[in-house]
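Student: Below is the structure I would like to discuss, written out as structure tokens.
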Amino acid sequence: MTTPTRIAVNTGGGDAPGLNAVIRAVTLAGVRRGWEVYGIQTGYEGLVKEGGLIRLDADVVAGITHLGGTILGTNNRGNPFQITTDQGVIEDGSATIVQKFFDFGFIGLVAIGGDGSLSIAQKLHEKHNMPVIGVPKTIDNDLESTEYTFGFDTAVTTATDALDKLHPTAKSHNRVMVVEMMGRYAGWIALHAGIAGSADVILLPEIPFDMESVYAKIREREARGRHFSIVVVAEGAAPKGGARVIQREQEKGREVLLGGIADWVAKRITEGTGKETRSLVLGHLQRGGQPTAFDRLLSSRLGTAAVRLIEAGEFGKMVGLTDDGVHAVSLEMATRRMRTVPMDSDVLQTARDMNICLGD
């Protein structure tokens, strides 16, 4: 009896709108080829836990494209190279994970994740020759070698909608509203949503800001009879000569948790201008909800492209999007550095030409 061709798909790191659309695309493309498709639950944990695999087919993935989150579950701390034992000791359990993968008869894995998850996938491929294809997932849009990551467009849409709702309340009370957005060390969400949502000030991690510049913008608007202002600040932004505001220092298996810069900026605006100021952190709202049509389509394109790479036996690669369409690049290249907003970005220049204060 012929052994069926089996592939697997998992999701790692933070959730992002569009994950389920990728899972569906991978499943349908695999089934179309006569393959068996399995979902690994909670990152790589499903490989070593009883009942950790889900058989996926057209019926199982029906109606999930528009759903946020991931039907497979995910984990920010599921690094197989750093597994914490019951005694609190960190061990490398990657060999066990890979052996389980091959024991199940899988010939390829579609690993959906951001920079951290894809770095793990790259290491599994490099160290253990695990047949991995990466699909870039992050609302931060900060992955090298792809113009867009799915989840980003939805996050920008959500953030823009929030700014639209804040404008009338800010105007009604003559207030300054400071809105903190996700993105970690890249300002893509803040920049795009700030422009789309008619912000007056946009503060980015890529441009250390001067509060005097922010004060000047608010006063300039006051002089024109505009007694309210909208300030967008990326969570990784920092003042000139100052440090980023964080909620948690780096811990074993956990990254630094950014957050709190909106409160910091709001307090100083009140002190520097006398204006009544409120701060708001959008937080995980940017990760939730239904993915936009753009993210659903992008997720579907990337998921099917990943299956085609498995079929061709081209492992250790990530699928990405450029002006020429979907392409493949090595995971090593895709994870070598973070993609931040370049100073020659036409989107950045758009903000400057629209007289939006960038804090410099």
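Student: Considering only residues that are surrounded by fewer than 21 Cβ atoms within 10 Å (Cβ to Cβ) and in a helix (DSSP H, G or I), look in the stretch 116-135 and name the one that is nearest to the chain's Cα centre (by Cα).
Tutor: G116
The rows are residues; the columns are (1) more than 25 Å from F209 (Cβ to Cβ); (2) assigned by TED's automatic domain parsing to the domain that holds H227; (3) of a type outside the set (A, V, I, L, M).
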residue: V132; (1), (2), (3): yes, no, no
residue: K137; (1), (2), (3): yes, no, yes
residue: D140; (1), (2), (3): no, no, yes
residue: P168; (1), (2), (3): yes, yes, yes
residue: M177; (1), (2), (3): no, yes, no
residue: A186; (1), (2), (3): no, yes, no
residue: H192; (1), (2), (3): no, yes, yes
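Student: In the stretch 171-193, what count of residues is obtained for those that are crowded, with 18+ Cβ neighbours inside 10 Å and either part of a helix (DSSP H, G or I) or out of contact with any strand residue (DSSP E or B) (no Cβ under 9 Å at 6 or more places or on another chain) (or both)?
Tutor: 6
Student: Being over 26 Å from S119 (Cβ atoms), surrounded by fewer than 20 Cβ atoms within 10 Å (Cβ to Cβ) and at pLDDT 95 or above narrows it down to one of R268, R296, so name that one.
Tutor: R268
Residues checked against (1) of a type outside the set (G, A, S); (2) in contact with a Leu (Cβ under 7 Å, 6 or more places away or on another chain):
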residue	(1), (2)
G14	no, no
I23	yes, yes
A29	no, no
Y44	yes, no
G51	no, no
L56	yes, no
L67	yes, no
N75	yes, no
G88	no, no
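Yes/no matrix, rows are residues, columns are (1) assigned to a strand (DSSP E or B); (2) surrounded by fewer than 17 Cβ atoms within 10 Å (Cβ to Cβ); (3) on the phi > 0 side of the Ramachandran plot; (4) in the same structural domain as P131 (by TED's automatic domain parsing):
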position	(1), (2), (3), (4)
V31	no, yes, no, yes
G34	no, yes, yes, yes
V61	no, no, no, yes
T65	no, no, no, yes
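Student: Checking I139 against (1) outside any loop (DSSP other than H, G, I, E, B); (2) aliphatic (A, V, I, L, M); (3) buried (at least 20 other Cβ atoms within 10 Å of the Cβ), only one condition comes out false. Which one?
Tutor: Unmet for I139, out of (1) outside any loop (DSSP other than H, G, I, E, B); (2) aliphatic (A, V, I, L, M); (3) buried (at least 20 other Cβ atoms within 10 Å of the Cβ): (1).
Student: Inspect all residues belonging to the stretch 201-220 and state whether any of them is under 25 Å from D164 (Cβ atoms) and without any contact (Cβ under 8 Å) to a residue 24 or more places away in the chain.
Tutor: Yes: the stretch 201-220 contains one or more residues that are under 25 Å from D164 (Cβ atoms) and without any contact (Cβ under 8 Å) to a residue 24 or more places away in the chain.
Student: Which residue out of T96, T42, T27, T84 is at pLDDT 95 or above, among the hydroxyl-bearing types (S, T, Y) and either surrounded by 22 or more Cβ atoms within 10 Å (Cβ to Cβ) or within 27 Å of N129 (Cβ to Cβ) (or both)?
Tutor: Of T96, T42, T27, T84, the one residue that is at pLDDT 95 or above, among the hydroxyl-bearing types (S, T, Y) and either surrounded by 22 or more Cβ atoms within 10 Å (Cβ to Cβ) or within 27 Å of N129 (Cβ to Cβ) (or both) is T27.
Student: Filter the stretch 292-316 for residues that are over 26 Å from Q122 (Cβ atoms) and touching a Pro at 6+ places or on another chain (Cβ under 8 Å) and give the result.
Tutor: Answer for the stretch 292-316, where residues must be over 26 Å from Q122 (Cβ atoms) and touching a Pro at 6+ places or on another chain (Cβ under 8 Å): just T292.
Student: Output the residue which, of all residues in the stretch 36-50 that are part of a helix (DSSP H, G or I) and under 24 Å from the mean Cα position of the chain (by Cα), is farthest from T5 (Cα to Cα).
Tutor: By that ranking, first place goes to E45.
The values are calculated or read from the model by the stated rules, or taken from the named source; none is laboratory data. Computed from a predicted model, the values in this text were never measured in an experiment. Note that each Cβ is placed from the backbone with ideal geometry, even for glycine, and that neighbours are counted across all protein chains shown.
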